[in-house]
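S.K.: First the structure, then my questions, so here it is.
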Amino acid sequence: MKAATKSAGALSGLTIIEMAGIGPGPFACMMLADHGAEVIRIDRPGARVDPTDVLARSRKRVELDLKSEDGRAAARELIRKADGVVEGYRPGVMERLGLGPEVLLADNPKLVYGRMTGWGQEGPLAKAAGHDINYIAITGALNAFGRAGEKPTPPINMVGDFGGGGMMMAFAMLAGVLSARSTGQGQVIDCAMTDGASLLMGMIWGFRAQGIWGDERGTNYLDTGAPYYDTYETADGLYVAIGSIEPPFYARMLEATGLSDDPLFKDQDGIEDRETRRARLTQIFAAKTRAEWCLLMEGTDACFAPVLSFAEAPSYPHNAQRQAFVELDGVMQPAPAPRFSLTPAPLPRAPGA
């Protein structure tokens, strides 16, 4: 990881109090801590520090019993001096603890109070249990993920928890702090994973309006409907990915696969023989190993990449040169991102370090 050892990070001077939780809230706070914010995590008494919990890196920790008067008083004192607080409880929990927005904003009028939930603070489902798969289901997003003719396939929990939740919260906290510093007034952020997941699909909603995207999954050019945007198995049982969308890139892919003069591939987006083209590409890619395809196509404008496992990714030459992964106390994990030229992120600290 390329980080100046003396850099405090772009967010040096920002203080965030994190109410310990799982998933998107900790991810947002990890992003803030990665770039130099002082994030103080309030844990329950006796909570174990898990050295493998990547999302808990680069934090300070305090243990407080929020069900006790002394614990709540200590939490209020920490938050009184902070720029923001992030909590991921169901609506009403913080109020019952005596730590709701009215109380904390009265203590600290510039406070940015971030509330991370799946369904949001209001609505018929606001107090119901749920997980990523449920949140993205009601937005239309889940219906778009999967192969043609098959059931919807959740892309693990990247869209709701982390893209639509944690990253939205990190953005919102910074936007809120900028506003508070210019206006002198803090505010409450209702960060719902349903809202965030919907926003992530903005381009697809635009495509639907333009008539170039259908609701039937696996039939559109970015969802494996197009043979030139798909994964293919190689002779050694591994996989490669191609994304040759633009005509010059498509032409380069045809050249590498020996199909430049094949009339079947002349019409890049022809629907009638699409599956015939896919079958032909499947046959061609299966004739060489992944390493052989890398020698032929890697680094070209064919828009090609090997499909790597977690075990392979850190040592892949491009990732290795960019130091895209870092090992902390024996735990391999992604390095902070994105990268700043003047205030690079400091080296992360393992949980509890």
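S.K.: Any idea how many residues of segment 117-143 are in contact with an Asp or Glu (Cβ under 7 Å, 6 or more places away or on another chain) and either surrounded by 22 or more Cβ atoms within 10 Å (Cβ to Cβ) or of a type in the set (S, T, Y) (or both)?
M.R.: Matching residues across segment 117-143 total 1.
S.K.: Is one or more of the residues making up segment 96-103 modelled with pLDDT of 95 or more, in contact with a strand residue (DSSP E or B) (Cβ under 7 Å, 6 or more places away or on another chain) and either farther than 14 Å from T15 by Cβ or charged (D, E, K, R) (or both)?
M.R.: Yes, the conditions are met somewhere in segment 96-103.
S.K.: Just the residues that are among the charged types (D, E, K, R) and in contact with an Asp or Glu (Cβ under 6 Å, 6 or more places away or on another chain), please, taken from segment 144-188.
M.R.: D161
S.K.: For segment 138-161: of the residues being assigned to a helix (DSSP H, G or I) and among the small types (G, A, S), which is farthest from I271 (Cα to Cα)?
M.R.: Ranking the qualifying residues of segment 138-161, first place goes to G160.
S.K.: Restricting attention to strands (runs of 3 or more DSSP E) lying wholly within segment 51-137, give those where 1 or more residues are without any contact (Cβ under 8 Å) to a residue 40 or more places away in the chain and within 30 Å of P346 (Cα to Cα). So that I can check it myself, show each step before the final result.
M.R.: On the way: elements: 60-63, 84-87, 112-117.
Once the strands (runs of 3 or more DSSP E) in segment 51-137 are filtered for at least 1 residues that are without any contact (Cβ under 8 Å) to a residue 40 or more places away in the chain and within 30 Å of P346 (Cα to Cα), what remains is 60-63.
S.K.: Right, something else. Can you name the residue in segment 241-285 that is more than 20 Å from T219 (Cα to Cα) and in contact with a strand residue (DSSP E or B) (Cβ under 7 Å, 6 or more places away or on another chain) and is also surrounded by the most Cβ atoms within 10 Å (Cβ to Cβ) among such residues?
M.R.: Initially, segment 241-285 is screened for residues more than 20 Å from T219 (Cα to Cα), giving 248-249, 251-263, 283-285.
In the following step, the residues that additionally are in contact with a strand residue (DSSP E or B) (Cβ under 7 Å, 6 or more places away or on another chain) were identified as 253, 285.
Working: M253: 23, F285: 20.
Within segment 241-285, the match that is surrounded by the most Cβ atoms within 10 Å (Cβ to Cβ) is M253.
S.K.: Only one of these is over 23 Å from A175 (Cα atoms) and either buried (at least 23 other Cβ atoms within 10 Å of the Cβ) or not β-branched (V, I, T) (or both): A74, A37, A20, A8. Name it.
M.R.: A74
S.K.: Mind checking which residues of segment 184-223 are within 30 Å of E102 (Cβ to Cβ) and assigned to a loop (DSSP other than H, G, I, E, B)?
M.R.: Once the filter is applied, which keeps residues that are within 30 Å of E102 (Cβ to Cβ) and assigned to a loop (DSSP other than H, G, I, E, B), segment 184-223 yields G184, Q185, G186.
S.K.: Now, a different point. Within segment 224-235, can you find the residues that are in a loop (DSSP other than H, G, I, E, B) and touching a helix residue (DSSP H, G or I) at 6+ places or on another chain (Cβ under 6 Å)? Give the steps one after another, and end with the answer.
M.R.: Pass one, segment 224-235, residues in a loop (DSSP other than H, G, I, E, B): 224-228, 234-235.
Correct list: P227, Y228, T234.
S.K.: Please go through segment 246-304 and give me each residue that is aliphatic (A, V, I, L, M) and modelled with pLDDT under 95, ordered by number.
M.R.: I271
S.K.: For segment 180-193, enumerate the residues that are free of Cβ contacts under 8 Å to residues at least 24 places away in the same chain and under 12 Å from L111 (Cα atoms).
M.R.: We begin by selecting, within segment 180-193, every residue free of Cβ contacts under 8 Å to residues at least 24 places away in the same chain; these are 182-183.
Scanning segment 180-193 gives a single hit, T183.
S.K.: Quick check: anything in segment 314-336 under 24 Å from I245 (Cβ atoms) and among the β-branched types (V, I, T)?
M.R.: First, the residues of segment 314-336 that are under 24 Å from I245 (Cβ atoms): 316, 318-319.
Still in the list and also among the β-branched types (V, I, T): none.
Looking for residues that are under 24 Å from I245 (Cβ atoms) and among the β-branched types (V, I, T), one finds none in segment 314-336, hence no.
S.K.: Consider G164 carefully, then state whether it is part of a helix (DSSP H, G or I), farther than 30 Å from D65 by Cβ and in contact with a Leu (Cβ under 8 Å, 6 or more places away or on another chain).
M.R.: On the way: part of a helix (DSSP H, G or I): yes; farther than 30 Å from D65 by Cβ: yes; in contact with a Leu (Cβ under 8 Å, 6 or more places away or on another chain): yes.
It is true that G164 is part of a helix (DSSP H, G or I), farther than 30 Å from D65 by Cβ and in contact with a Leu (Cβ under 8 Å, 6 or more places away or on another chain).
S.K.: Considering only residues of segment 177-191 that are over 26 Å from the mean Cα position of the chain (by Cα) and surrounded by fewer than 19 Cβ atoms within 10 Å (Cβ to Cβ), which is nearest to G118 (Cα to Cα)?
M.R.: For segment 177-191, the residue satisfying everything is Q185.
S.K.: For segment 209-257, enumerate the residues that are of a type in the set (V, I, T) and within 14 Å of R274 (Cα to Cα).
M.R.: Those that are of a type in the set (V, I, T) and within 14 Å of R274 (Cα to Cα): T219, T224.
The values are calculated or read from the model by the stated rules, or taken from the named source; none is laboratory data. The structure presented is a predicted model; accordingly, all values stated were derived computationally and were not measured. Note that we place each Cβ from the backbone using ideal geometry, even for glycine, and neighbour counts take in every protein chain shown.
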